[in-house]
Amino acid sequence: MHEIANTPRGRGILACIQCGRCSSSCPVARLVAEHNPRRLMEMVILGSRDEIIHSKLPWFCLSCFTCLDRCPQGGDVAEVMFAIRNLAAKEKNMPDGFAAQAKNLFETGRIATPIESIVRKREEIGLPKEHSTAKEDVQKILKKTGFNKLIASK
Ligand code: SF4
Ligand code: SF4
């Protein structure tokens with residue numbers, strides 16, 4: 001637990017009293033049976049490090065922050081998820097879909113490349129084929145933070 005709690009984004013874990021309001025208010029938990037924020041917080045508290053890092057559990061969260069609004073302790077579950085993901089990514093446990101988005105961001109300045117129908121629609125209504133991106137600026141930031149090495153090793 002301290003490994004997560006000692007990161008800037010993971011401090012919320014210290015506030016958790018396992019009341020379960022995050023799970024009952026989470027929109028993702030209604031649809032994805034595996035996603036249970038309270039259970040994930042419990043696993044962190046109990047120190048189930050490897051089980052968490054090597055699982056998909058921290059990757060379902062959509063960062064809507066409903067759980068933060070509802071948590072009686074102000075425990076920021078979404079931020080704890082980010083802290084766990086950072087740790088998992090450093091240990092090369094980033095799911096393929098996230099790794100593909102990260103690579104796309106580095107190569108094009110976009111997380112997702114616009115699909116053909118969107119490109120056509122833009123042309124139909126007189127918009128340029130694609131928005132320009134600040135690709136070089138994005139690459140500069142990603143290199144400075146070491147993110148490019150992280151995704152290259154994936
Ligand atoms: S709502 Fe807050 S205190 Fe309750 S289980 Fe979730 S994180 Fe813990
Ligand atoms: S931030 Fe994540 S865990 Fe919290 S309610 Fe939204 S999807 Fe659920």
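The values are calculated or read from the model by the stated rules, or taken from the named source; none is laboratory data. What you see is a predicted model, and the numbers here were worked out from it, not measured in a lab. Note that each Cβ is placed from the backbone with ideal geometry, even for glycine, and that neighbours are counted across all protein chains shown.
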Cβ pairs under 7 Å, 6+ apart, first in segment 18-33 and over 14 Å from Ala78 (Cα atoms) and touching a residue at least 12 places away in the same chain (Cβ under 8 Å), second assigned to a loop (DSSP other than H, G, I, E, B) and away from ligand 1 (no atom under 14 Å from the Cβ): Val32/Phe60
Checking Leu127 against (1) among the hydrophobic types (A, V, I, L, M, F, W, C); (2) in a helix (DSSP H, G or I); (3) more than 26 Å from Cys22 (Cβ to Cβ), the condition it does not meet: (2)
Scope segment 11-28; condition of a type outside the set (A, V, I, L, M) and out of contact with any Gly (no Cβ under 8 Å at 6 or more places or on another chain); matching residues: Arg11, Gln18, Cys19, Gly20, Arg21, Ser23, Ser24, Ser25, Cys26, Pro27
Qualifying residue in segment 127-142 (condition: at pLDDT 90 or above and polar (S, T, N, Q)): yes
When residues of segment 58-84 are limited to those that are closer than 17 Å to Gly12 by Cβ, in a helix (DSSP H, G or I) and under 11 Å from the mean Cα position of the chain (by Cα), the one nearest to ligand 1 (Cβ to nearest atom): Val80
Search result, residues across segment 26-47 that are in a helix (DSSP H, G or I) and in contact with a Pro (Cβ under 9 Å, 6 or more places away or on another chain): Leu40
Options Met1, Met94; residue that is under 11 Å from the mean Cα position of the chain (by Cα) and at pLDDT below 90: Met94
Residue that is nearest to ligand 1 (Cβ to nearest atom), among those in segment 15-31 that are of a type in the set (A, V, I, L, M) and surrounded by fewer than 14 Cβ atoms within 10 Å (Cβ to Cβ): Ile17
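Rundown of residues vs (1) buried (at least 16 other Cβ atoms within 10 Å of the Cβ); (2) aliphatic (A, V, I, L, M); (3) within 14 Å of ligand 2 (Cβ to nearest atom), yes/no style:
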{"site": "His2", "(1), (2), (3)": "no, no, no"}
{"site": "Ile13", "(1), (2), (3)": "yes, yes, yes"}
{"site": "Ala33", "(1), (2), (3)": "no, yes, yes"}
{"site": "Arg38", "(1), (2), (3)": "yes, no, yes"}
{"site": "Leu57", "(1), (2), (3)": "yes, yes, yes"}
Glu91 being among the acidic types (Asp, Glu), more than 9 Å from ligand 2 (Cβ to nearest atom) and more than 30 Å from Ser132 (Cα to Cα): yes
Pair list, Cβ < 9 Å and 6+ apart or interchain, from segment 82-100 residues that are without any contact (Cβ under 8 Å) to a residue 12 or more places away in the chain to residues that are hydrophobic (A, V, I, L, M, F, W, C): Gly97/Trp59
